[in-house]
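Have a look at the structure below before the remarks.
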Amino acid sequence: MYSNKDIAIVILNWNGKPLLEQFLPSVLKYSEGAKIYVADNASTDDSVEFLKTLFPEVSIIQNSENGGYAKGYNEALQHVSEPLLCLLNSDIEVTENWLDGILTTFNSEAKPDILQPKILDFKNKSKFEYAGAAGGFIDKYGYPFCRGRIFNSIEEDKGQYNDITDIFWASGACFFIKNEVFKSLKGFDESYFAHMEEIDLCWRAYNSNYKTKYVGTSTVYHVGGATLNNSNPKKTYLNFRNSLMTLVKNTDGNVFSKAITRMLLDGVAGIMFLLQLKPAHFIAILKAHGSFYLNLKKVLKERKSLKKRPNYYKTSSIVWSYYIKKKQTF
């Protein structure tokens, strides 16, 4: 039976002193018994000195470089031995007893391997937060969506997702995983840098018969966009490139027809960015496709070495369902 002392809460930091100052106290206050680490991604501010002075109870792991979310966690978690890992964004406020539902679910007969709590918006606490909401799913063409958030339609929390249920992917903003499972999957794909790497990991987990669940009895509040917000073309580039790579690596069946359809849909998204007078985002999609082509040989090689499992998607096309059929809630 797992208890709080079996949990390592690992917060990745890069020049995030203000966020640590604001949110670390809630983590310390409501995570009694858990081991708390800050993994510093070679910050150039005074984050590390600040932690040493004001939070001496926090263990500091200093990474050799800023390798983004994926490499940052891969490097840091080599130094963590606790059986349960919580990868927690530095811009999250946790709540009282937030670990109770997580531990109860890990200890249940379902024996899940990856968990996610309910993620609400710190800036509007009655609404779900974009990055994860009430658990993630994916469509046939690799487009992710969540219970509580489909594209930019975000639901209000009215208790409709207070359940504990199977999901396809858990949000990297607050991501619980068994240490042995993380290691067996060889961690995150470091070529992603940031964005979509948790979906790739969860897809590989699904294909290896591991279970991912959402725990609606645990709540956290996420600021979101603290590193890259939605208006940043670099985020568009990483999301479109990494999403394509994830689809090709992990999907079963005819990967080429799915990839071609997906790229055509990306083209439609690019045209929508142009109509919205956002040419930088249109260019970001072109660059994402260019990078995908350059990396295709490597991605196909990885695909060959990975297990596959059918019936992963909740709907054939979330784009069709949302934009044509106007179904905007889960």
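Just one of the listed residues (T329, T217) is outside any helix (DSSP H, G or I), in contact (Cβ under 8 Å) with a residue 12 or more places away in the chain, surrounded by fewer than 16 Cβ atoms within 10 Å (Cβ to Cβ) and β-branched (V, I, T), namely T329. Close Cβ contacts (under 9 Å, 6 or more residues apart or on different chains) running from residues in segment 260-288 that are more than 15 Å from V319 (Cα to Cα) to residues that are among the acidic types (D, E) and surrounded by 15 or more Cβ atoms within 10 Å (Cβ to Cβ) comprise I285/D266; A288/D266.
Of the candidates T246, T227, the single residue that is surrounded by 15 or more Cβ atoms within 10 Å (Cβ to Cβ), modelled with pLDDT under 95 and not assigned by TED's automatic domain parsing to the domain that holds G101 is T227. Reported count of residues in segment 259-307, each being exposed (fewer than 14 other Cβ atoms within 10 Å of the Cβ) and outside any helix (DSSP H, G or I), is 4.
If you filter segment 161-173 down to residues that are in a strand (DSSP E or B) and touching a helix residue (DSSP H, G or I) at 6+ places or on another chain (Cβ under 9 Å), you find that the one that is nearest to Y323 (Cα to Cα) is W169. S64 passes every criterion in (1) under 30 Å from N209 (Cβ atoms); (2) touching a residue at least 12 places away in the same chain (Cβ under 8 Å); (3) out of contact with any strand residue (DSSP E or B) (no Cβ under 9 Å at 6 or more places or on another chain) apart from (1). Scanning segment 112-160 for residues that are more than 12 Å from the chain's Cα centre (by Cα), part of a loop (DSSP other than H, G, I, E, B) and without any contact (Cβ under 8 Å) to a residue 60 or more places away in the chain gives N152, D157, K158, G159, Q160. Checked against the criterion of being in the same structural domain as I36 (by TED's automatic domain parsing), in contact with a Leu (Cβ under 6 Å, 6 or more places away or on another chain) and within 30 Å of L274 (Cα to Cα), segment 209-220 has no qualifying residue.
Scanning segment 58-71 for residues that are part of a loop (DSSP other than H, G, I, E, B) and closer than 15 Å to V10 by Cβ, we see that the one that is nearest to the chain's Cα centre (by Cα) is G67. Failed condition for Q78, given (1) outside any helix (DSSP H, G or I); (2) free of Cβ contacts under 8 Å to residues at least 60 places away in the same chain; (3) of a type in the set (S, T, N, Q), with all others met? Among (1) outside any helix (DSSP H, G or I); (2) free of Cβ contacts under 8 Å to residues at least 60 places away in the same chain; (3) of a type in the set (S, T, N, Q), the lone unmet condition for Q78 is (1). Taken together, the criteria exclude F256 from residues that are of a type in the set (F, W, Y) and either in contact with a helix residue (DSSP H, G or I) (Cβ under 7 Å, 6 or more places away or on another chain) or under 25 Å from E109 (Cα atoms) (or both).
The values are calculated or read from the model by the stated rules, or taken from the named source; none is laboratory data. Quick caveat, the model's predicted, so the values are computed rather than measured. Here the Cβ is made from the backbone with ideal geometry for all residues, glycine too, and neighbour counts use every protein chain on show.
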